[in-house]
Amino acid sequence: MLKLELKRIFSKKLNVLAVGLMVILAAVFSGFAATSNRYVDAHGTVSTGMLATRKLVENKNGYAGALTEAELTKIVVQYKAVMAQSQEEQDANYGTLYQPIDDILNFMISVLTPDAGYDETVLDSVTEDSVQDFYTWYRGNMKWMADQYGNVQYLEKKYSEIILPLQYESYGAWDTMIMYAETYSIVLAILVGFICAGIFADDFQTKADAVFFASKYGRSKAIKNKILAGAVATTMIYWTGIVLLSAISFGIMGTSGMHTPYQMSEAYSIYIMTYGQYYALTVACGYIASLLAASLAMLVAAKMHTISVAVCIPFFLYCLLPFIGRVLSSYTKVFNLIPTILTNVEASVRVPLLYQIGTHVIRQVPLVMVMYTVLSIVLLPLIYRSFRRYGRA
């Protein structure tokens, strides 16, 4: 029966078109990702083609390795030398002097401005002598940040997990892909919602509902197989799309920076992870978003016996609700736990939002992941009961 339901899903013309759209968008998004990085060569020529990211990685990886204070001192000396040049000289030497150390300079600025926005001028006050105490400053600022945000013991424990000195490798491909994976996961959640809603609405649209419920297992095993087919279809569609997007994109851009700590970009993030782990977190959250979209779409379709309202659920959750949450989040913390967090991990991991449940402290993203995984599962029996009771008083 499960094979029959899956065959029905993937033989429906609209669903075939939806899967085809998924494949096309994976290729399109991969193209956008691969051409979104800007590389300047030694002659000042700018390129953004398919090979730009690989050239940029090669350019920056001349400084790959442990960012010891001695290495940072060299970076500061080079930065000061660049800033002492005229604007014309800076432009001419950008690809050989400034571009290779850009990521490292961003890291230093992030460390030196824990309570402010990006301010490049902070580097002007750094000297060759003072940078020798760079990691002492970093540790001191971690303690200060923990005091500012509360839950001092938890934050200090998290910050202690950061291994210093940081190991650097150009992470541009991963940084780029996280943004595109989030966008693509929204598309997949909407497509999954559309496909799964049809599982419970098709029998009513084709007027075959009487035959379905009159069959021997029409109110038991058949419904369970519909729900299982929805879960299997969601898993197949989501991971096929994500694997395709990742394979094309990383095949073009390479995988440099997989083991680079995320703190290279956000020095005081409480998510202690590498860029490879960050990408895994992003796609895992996207999968939960698709499961939630599928469960809600199937529940609405089972109750209303139509696909029209059910297909709007994922669009509302991941396209409209973010704007509502942005407006109202200052009034209530509830909007810091809405499903849109699952498709906007990039913004969430920058902010130290913590929740305390009894004696346990949990970060925003893991809490949201647990909440909506549980909700997706809890909705399944409700789908079963709603569809099973059709036609009964």
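The values are calculated or read from the model by the stated rules, or taken from the named source; none is laboratory data. Worth saying up front: this structure is predicted, and the values here are computed from it rather than measured. Note that each Cβ is placed from the backbone with ideal geometry, even for glycine, and that neighbours are counted across all protein chains shown. Note: accessible area is taken over every heavy atom of the protein model, side chains too, but ligands, DNA and RNA are not part of it. Shrake-Rupley method; radii C 1.70, N 1.55, O 1.52, S 1.80 Å.
Of the residues Asp175, Asp124, Asp129, ranked by 1.4 Å probe accessible area with the largest first, the sequence reads Asp129, Asp124, Asp175. Over the chain, accessible surface divided per residue gives 47 Å², non-protein components excluded, 1.4 Å probe.
When Val16, Val187, Val192 are compared by accessible surface with a 1.4 Å probe, the order from highest to lowest is Val16, Val187, Val192.
How much of the accessible area of the chain, probe 1.4 Å, is carbon plus sulfur, in whole percent? Of all accessible area on the chain, carbon and sulfur atoms account for 62 percent. With the charge dipole of the chain set up from +1 on Lys and Arg Cβ and -1 on Asp and Glu Cβ about the Cα centre, the Cα lying farthest toward the positive end among the listed residues Leu164, Ile109, Pro261 is that of Pro261. Binning the alpha carbon pair distances of segment 93-154 at 10 angstrom intervals from zero yields the distribution 19, 44, 27, 8, 2, expressed in whole percent. Partners of Lys157 within straight-line reach, counting lysines whose Cα lies under 19 Å from its Cα and excluding those fewer than 8 residues away in the same chain: Lys143. When the helices of the chain are scored as -39500 (n - 2.57) per DSSP H run of n ≥ 4 and the total is divided over every residue, the value at 222 nm lands at -20000 deg cm²/dmol.
Each peptide in 163-170, 356-363, 300-307 receives the mean, over its residues, of other Cβ atoms within 10 Å, and ordering these scores from highest gives 300-307, 163-170, 356-363. A dipole drawn for segment 38-93 from +1 and -1 charges on Cβ atoms has a positive end, and of Leu56, Ala70, Gln90 the residue lying farthest that way is Leu56.
Using the Kirkwood radius built from alpha carbon pairs, what does the Stokes-Einstein equation give as D for segment 1-68 at 4 °C and 1.567 mPa s, in µm² per second? It comes out at roughly 83 µm²/s.
Direction-averaged shadow area of the convex hull around the Cα atoms of the chain, nm²? Working shown, then result.
On the way: hull surface 90.5 nm².
Approximately 22.6 nm², given one-decimal rounding.
Please express the shape of segment 45-171 as an equivalent ellipsoid: the semi-axes are the square roots of 5 times the eigenvalues of the C-alpha gyration tensor, given largest first in whole angstrom. One finds semi-axes of 29, 18, 14 Å for segment 45-171. A convex hull fitted around the alpha carbon atoms of segment 241-393 yields 160 Å³ per residue.
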